[in-house]
Amino acid sequence: MDNPDNSPRVDAILKAKQSLPGALLPILHDIQDALGYIPPDAVPSIARALNLSRAEVHGVITYYHYFRQSPPGRHVVRVCRAEACQSVGCEALAAHVQGALACGFHATSADGLVTLEPVYCLGHCAVGPNIQIDETTLHARVTPEKFDQLLASLRSKP
Ligand code: FES
């Protein structure tokens with residue numbers, strides 16, 4: 001694996017989940033929750049444990065944009081791009097966010113601070129445009145100015 005320290009954690013997840021019906025997705029979620037991404041070098045172990053081909057495992061990882069194949073930045077910012085947020089300007093916000101971070105969706109800013117991801121509804125459609133930071137904090141009615149303040153706050157954290 002890229003990082004040999006990942007191997008015991010992946011092995012423990014495989015051991016705990018490999019006998020479940022439809023184990024692949026739960027395993028991939030657990031690995032990403034534990035490591036922040038699915039290390040490409042974990043694919044052979046996953047395939048072996050589930051009696052799948054590497055191509056099958058790789059195909060699932062790449063089909064779902066949720067799964068990352070490289071480590072995320074220090075923070076993950078998700079911009080809602082679903083219909084209700086579209087009706088209140090999320091696309092303009094998305095363009096501003098990409099400009100402020102100088103990176104597109106499914107990418108990480110050059111300073112490693114933020115990985116930017118789209119999300120399709122955060123369940124707070126009445127107060128969009130919405131963004132989520134680090135899966136812990138939801139920010140409603142986000143304007144470009146408000147995003148800039150949030151970004152400045154992330155940059156000021158040690
Ligand atoms: S559409 Fe954005 S929170 Fe539901």
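The values are calculated or read from the model by the stated rules, or taken from the named source; none is laboratory data. All figures in this text were calculated on a predicted structure; none of them were measured in a lab. Because the Cβ atoms are built from the backbone with ideal geometry, glycine has one as well, and the counts that use them run over all protein chains shown. SASA here: full protein model, heavy atoms, side chains in, ligands and nucleic acids out. Shrake-Rupley method; radii C 1.70, N 1.55, O 1.52, S 1.80 Å.
What to note about this one:
- Area accessible to solvent at Thr108, 1.4 Å probe radius, in Å²: 60 Å²
- Nearest-10 value in Å² for the accessible area of Arg9, using the 1.4 Å probe: 120 Å²
- The gain in end-to-end length when the Ala107 to Lys15 segment is fully stretched comes to 30.0 nm, 0.36 nm per residue minus the alpha carbon separation.
- For the range 75-156, the Kirkwood hydrodynamic radius from C-alpha pairs, put into Stokes-Einstein at 10 °C and a viscosity of 1.306 mPa s, yields a diffusion coefficient of 129 µm² per second.
- Per-bin percent of Cα-Cα distances, the chain [10 Å]: 10, 35, 28, 20, 6, 0
- Of the residues Tyr37, Tyr64, Tyr120, the one that moves most in a GNM of the chain with alpha-carbon contacts below 10 Å is Tyr64.
- Under Karplus coefficients 6.51, -1.76 and 1.60, residue-wise ³J(HN,Hα) of the range 127-142 in Hz, glycine/proline x: 10, x, x, 10, 10, 10, 10, 6, 6, 10, 10, 9, 10, 9, 6, 7
- Relative contact order %, the range 1-148, counting alpha carbon pairs below 8 Å whose residues are six or more apart: 19 percent
- If you sort Asp11, Asp5 by accessible surface, 1.4 Å probe, largest first, the order is Asp5, Asp11.
- Per residue of the chain, the DSSP helices (runs of n ≥ 4 H) give a summed -39500 (n - 2.57) that works out to -13500 deg cm²/dmol at 222 nm.
- Put Lys15, Lys157 in order of accessible area, highest first, and with a 1.4 Å probe you get Lys15, Lys157.
- In plain terms, the chain from Thr136 to Arg54 could stretch by 26.2 nm, reckoned as 0.36 nm per residue minus the Cα-Cα distance.
- Distance between the 7 Å Cα→Cβ label points at Thr143 and Gln69: 4.1 nm.
- Residues considered: Arg74, Arg48, Arg141. Largest GNM mean-square fluctuation over the chain, using C-alpha springs under 10 Å, is found at Arg48.
- Under 22 Å of direct C-alpha separation, and excluding same-chain neighbours fewer than eight residues apart, Lys157 reaches these lysines: Lys146.
- Per residue accessible area of the chain, 1.4 Å probe, in Å²: 53 Å²
- Cys residues of the chain that find no other Cys beta carbon under 4.7 Å: Cys103, Cys121, Cys125.
- Amide H within-cut-off set for Ala82, under 5 Å, with H built and near neighbours excluded: Cys121
- Within the range 55-84: backbone nitrogen closer than 16 Å to the Asp41 label point (7 Å, Cα to C-beta): 69-71
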